[in-house]
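Engineer: Submitted below is the structure of interest, expressed as structure tokens.
Derivation of every value follows stated rules applied to the coordinates shown; laboratory data play no part. The structure presented is a predicted model; accordingly, all values stated were derived computationally and were not measured. No Cβ is skipped: glycine too gets one built from the backbone with ideal geometry, and neighbour counts run over all protein chains shown.
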Amino acid sequence: MMSDIHLAFDHPESRAAAMAGDTPMDRISLRDYVAEVEIGAFQAERGVLQRVSFNIVVELAPVTGPIDDDVDRILSYDALTEAIQFELAAERLNLLETLAERIATRILSEPRAFRVFVRVEKLDRGPGALGVEIVRSDDQAHNLATPIDAPVPHPLIVYMGTTAFASSQLPLWIDALADTEQPVIVAVGLPDGPWPMASTKLTQRRIDLLAIEQNAWTLAARDPRCVVRASRTELDWAMKHDQLSVWAPSKMVLDAVDGPKGSAIEMAAWLGMELSATELLVMGEELPQGCNIPTRALDVDGPVTLS
């Protein structure tokens, strides 16, 4: 039991350290995140925005195997800010206790999150900060009667073949993709022209993937809205923030236990199935076979419309 009174007012990191057992956990933290919120049970707090501060510490279960500098093997810091933003947008609340509980529950839905410390404080209700701090563990979250499910974005996958790259209308297509309300991920094929050939299938597979990524970077160079992303974490973040992505497939394809073995367009179809895409639009190539999501061809040189 903690006896140092200063710990009650210190950052939750100090509380987490004081409550550590014989096997200390890894931690990530968020300090002094401030948002303007309408919250409170009093009539004077209705229709009024007030500053609310969030401090969070998450203890993590150990990673099995090396991290290898791989963003998909860690709990992203974005999970903390997104938990706050989602719960603030869900509904108006009266109590900081309710808000803290919901944020903690959402963070504990992450696979590696073991225990979370959440401190929420109102900054404008008096001369000092008024707040609440809670500690929750994953077993408490799993015992909740009504689990909270995070929204899953369903993207539109657009495959651009060689013909699409050569089309004079490509800038107009990028405008149309950037303006759609649905998250969009662009997948590209092999570049037009020769590239190195190898004597073994495994080596050639790596070369082909790198050639596809070279094409992805070529597209990104044409328009700053086309941002190359290689990991599931990056793609998820971009979808949640309505940003246009160009897929660099090497990492996800090579890391997948049962990944795609075929052509670039078959990889695009696989990505669509992995991300529960609403549709695969194909520009400049034949439609893939055996795709489990709706597939449609677009005339690259025809009217620029996604409908």
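Engineer: Rank-order 293-300, 263-270 by packing density, defined as the average count of other C-beta atoms within 10 Å over each peptide's residues, highest first.
Structural biologist: By packing density, highest mean first, the sequence is 263-270, 293-300.
Engineer: If you don't mind, there's one more thing I want to ask. List the lysines whose Cα sits under 24 Å from the Cα of LYS251, skipping any in the same chain fewer than 8 residues away.
Structural biologist: Cross-link targets: LYS201, LYS240, LYS261.
Engineer: First measure r as the distance between the Cβ atoms of LEU254 and THR98, then evaluate 1/(1 + (r/R0)^6) with R0 = 30 Å and state the FRET efficiency to the nearest 0.05.
Structural biologist: According to the calculation, E is roughly 0.10.
Engineer: Another question, if that's okay. Quick one: if you stick a label point 7 Å off each Cα along the C-beta vector at THR180 and GLU91, how many nm between them?
Structural biologist: For THR180 paired with GLU91, the spin-label model returns 3.3 nm.
Engineer: What number, in percent, do you get for the relative contact order of the stretch 165-284 if the mean sequence gap of Cα pairs under 8 Å and at least 6 apart is divided by its residue count?
Structural biologist: On the way: 120 pairs, mean separation 32.3, N = 120.
Value for the stretch 165-284: 27 percent.
Engineer: Then there is this: Between the stretch 73-135 and the stretch 274-307, how far is it from one alpha carbon centroid to the other, in angstrom?
Structural biologist: Cα centres, the stretch 73-135 to the stretch 274-307: 40 Å.
Engineer: Expressed in nm to one decimal, what extension gain is obtained for the pair TYR33 and LYS201 from 0.36 nm per residue of sequence separation less their Cα-Cα distance? Don't jump to the answer; show the numbers that get you there.
Structural biologist: Working: separation 168, 0.36 × 168 = 60.48 nm, distance 5.00 nm.
Once the chain is fully extended between TYR33 and LYS201, it gains 55.5 nm.
Engineer: Also: Using a Förster radius of 35 Å, what is the FRET efficiency between THR163 and ARG51 based on their Cβ-Cβ separation? Nearest 0.05, please.
Structural biologist: 0.05
Engineer: Further question: Let's test the formula: R0 of 22 Å, r as the Cβ-Cβ distance of MET273 and SER231. What FRET efficiency results, to the nearest 0.05? Spell out each step's value before the answer.
Structural biologist: On the way: r = 18 Å, r/R0 = 0.80.
That gives a FRET efficiency of 0.80.
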